Every structure is written in C-alpha cells, then in structure tokens.
Amino acid sequence: MPVQLNHTIVYAGDEQRSAEFYARLLGLTVQPRFGPFLPVTTANGVTLDFAEAGEGPVAPQHYAFLVTEEEFDAILGRIEEAGLTHYADPHLRRAGEINHNDGGRGVYWQDPDGHVLEIITRPYGSAGRTG
C-alpha cells in the first residue's frame, strides 16, 4: 500500500471549541471521543485528532484542505458568516482577497488558537498538468 496520511494531532486551548469550529466551517462532523482525542474526519479519511494543549501556549501550525469549487463557496460563506477575516496569502497580509493559484481559488484564515487554515480548489503545482 502506498503511504497515506491517516491522522494528525491538532493541539488546542479548548479541544471541544476547536473541533466544533473546524467541523462547522468545513462542513464536517465531530466524531465520538477516541481516547484523549476528539476526532474530525475529512472525506479522504484523514482524521484531525483534537487534543488539549495543556498549560503552555499552542504553537501555530498550518492545515490545508483541498475542496471542490462548490465546497469552496460554501466554506467561504461560513467563514464570512462567522465574521472571520480571510486572506489570499499565508502571511495574512491580503485581507478579504481570494488567490487564484494554479487556476483555482484559495483562502487562508485563523482558528481560535492561531493555527492557519487554508482551502484550495487546485493542488499546488497543478497548473498545466494533464491527467
């Protein structure tokens, strides 16, 4: 079997709040607790396992999601409805814009712990690819 990402741990100041934030914006579901983790599973089976960060600050990470054009519109609508600022760039400088990298669309925004989230409709480097 080829190597596939199965799950990753997302540390949060409040795992319930964060799991619900991701599930609500991405149109996913918070799954029943699995040990110390609160999982949210994406369509391709990758699980984001939310865990309490403990006493220290949460080190910001980056999580990117490949979505369809229809999902992009729905997610962007939920981001805007939630009153969150979205950006066209990972440095969070181009507020309110959408990028069109590789002929698709993409935006970035932050979760409650400062993780930078991204949705894209085309994988990086896919412009000009055939098949």
If you scan the stretch 1-18, which residues turn out to be over 22 Å from Ala74 (Cβ atoms) and open to solvent by less than 40 Å² (accessible area, probe 1.4 Å)? Ala12, Glu15
Filtering the stretch 19-71 down to residues that are open to solvent by less than 60 Å² (accessible area, probe 1.4 Å), in contact with a Ser or Thr (Cβ under 8 Å, 6 or more places away or on another chain) and assigned to a loop (DSSP other than H, G, I, E, B), which residue is farthest from Val107 (Cα to Cα)? Val46
Considering each residue of the stretch 72-81, count those that are in contact with a helix residue (DSSP H, G or I) (Cβ under 7 Å, 6 or more places away or on another chain) and open to solvent by 40 Å² or more (accessible area, probe 1.4 Å), and give that number. 1
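Which of the residues belonging to the stretch 115-126 are open to solvent by 60 Å² or more (accessible area, probe 1.4 Å) and at pLDDT below 95?
Within the stretch 115-126, Tyr124 is the sole residue that qualifies.
Scan the stretch 72-100 for residues that are of a type outside the set (Val, Ile, Thr) and not in a helix (DSSP H, G or I) and report the count. Working first, answer last.
Residues of the stretch 72-100 of a type outside the set (Val, Ile, Thr): 72-74, 76-78, 80-84, 86-97, 99-100.
Adding the requirement that they be not in a helix (DSSP H, G or I) leaves 82-84, 86-97, 99-100.
Residues flagged as of a type outside the set (Val, Ile, Thr) and not in a helix (DSSP H, G or I) within the stretch 72-100 amount to 17.
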Go through the stretch 101-114 residue by residue and tally those that are open to solvent by 40 Å² or more (accessible area, probe 1.4 Å) and part of a strand (DSSP E or B). 1
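Name the residue, out of Ala51, Ala74, that is among the hydrophobic types (A, V, I, L, M, F, W, C) and in contact with a strand residue (DSSP E or B) (Cβ under 9 Å, 6 or more places away or on another chain).
Values: Ala74 fails: in contact with a strand residue (DSSP E or B) (Cβ under 9 Å, 6 or more places away or on another chain).
Result of the check over Ala51, Ala74: Ala51.
Which one is most open to solvent (accessible area, probe 1.4 Å) among residues in the stretch 83-100 that are farther than 12 Å from Glu118 by Cα and touching a strand residue (DSSP E or B) at 6+ places or on another chain (Cβ under 9 Å)?
Top of the filtered list is Arg93.
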Within the stretch 99-111, identify whether any single residue is in contact with a Gly (Cβ under 6 Å, 6 or more places away or on another chain) and within 25 Å of Glu15 (Cα to Cα), and answer yes or no. no
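Within the stretch 6-18, which residues are assigned to a loop (DSSP other than H, G, I, E, B) and closer than 21 Å to Asp113 by Cβ?
Passing the criteria: Gly13, Asp14.
The values are calculated or read from the model by the stated rules, or taken from the named source; none is laboratory data. Everything numeric here is computed off the predicted structure, so don't read it as measured data. Because the Cβ atoms are built from the backbone with ideal geometry, glycine has one as well, and the counts that use them run over all protein chains shown. Note: areas computed on protein heavy atoms with side chains; ligands, DNA, RNA excluded. Shrake-Rupley method; radii C 1.70, N 1.55, O 1.52, S 1.80 Å.
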